[in-house]
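*Asks:* Here's a structure for you.
Read the figures in this text as sums done on the coordinates, not as results from a lab. Note that the structure is predicted; figures quoted are calculated from it, not measured. Glycine also receives a Cβ, built like all others from the backbone with ideal geometry; neighbour counts cover every protein chain displayed.
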Amino acid sequence: MTRYLISFDDGWMKFTEEELPDVTKAALAVVQEAQEAGVWVYGAGLESQRASVVATNGMVTDGPFPETKEVIGGFSIVDVPSREEALEWAAKIAVACRCAQEVRELLPDPPGLEQDVSRASAVGASPEPAR
């Protein structure tokens, strides 16, 4: 199977504070459905857009940077057999979160670096609502 990153831009979520409980409930339902289907790997929202860049020489520069036009507000990773199935999960997430989602295929682990992101640790984990 192939892992896909499903993400949204920080500025794409547009709903009122009163709608947040409904959005959260819908998002949790999609996560539970993905977990039950065995395709959920991990997901989270970003706390803030505060970023630090560490250069190859170790120099640290704090951001965010004004030239950045789009930043990730949250993401999900699913492990599915096809891009079409990843797009189907992205559509479910888009409806639940009330915002468009981007879908990108992740590279497979290189030989010698097999990562086992335990699905067991993801059970019960829930996406953080966007702020």
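*Asks:* By its C-alpha gyration tensor, with a ≥ b ≥ c as the square roots of the eigenvalues, how is segment 2-122 shaped: rounded for a/c under 1.5, else prolate for a/b larger than b/c, else oblate?
*Replies:* Since a/c reaches 1.5 but b/c is at least a/b, the shape of segment 2-122 is classed as oblate.
*Asks:* With each label point set 7 Å from Cα along the Cα-Cβ vector, what nm distance links residue 51 and residue 87?
*Replies:* According to this spin-label approximation, the distance is 2.8 nm.
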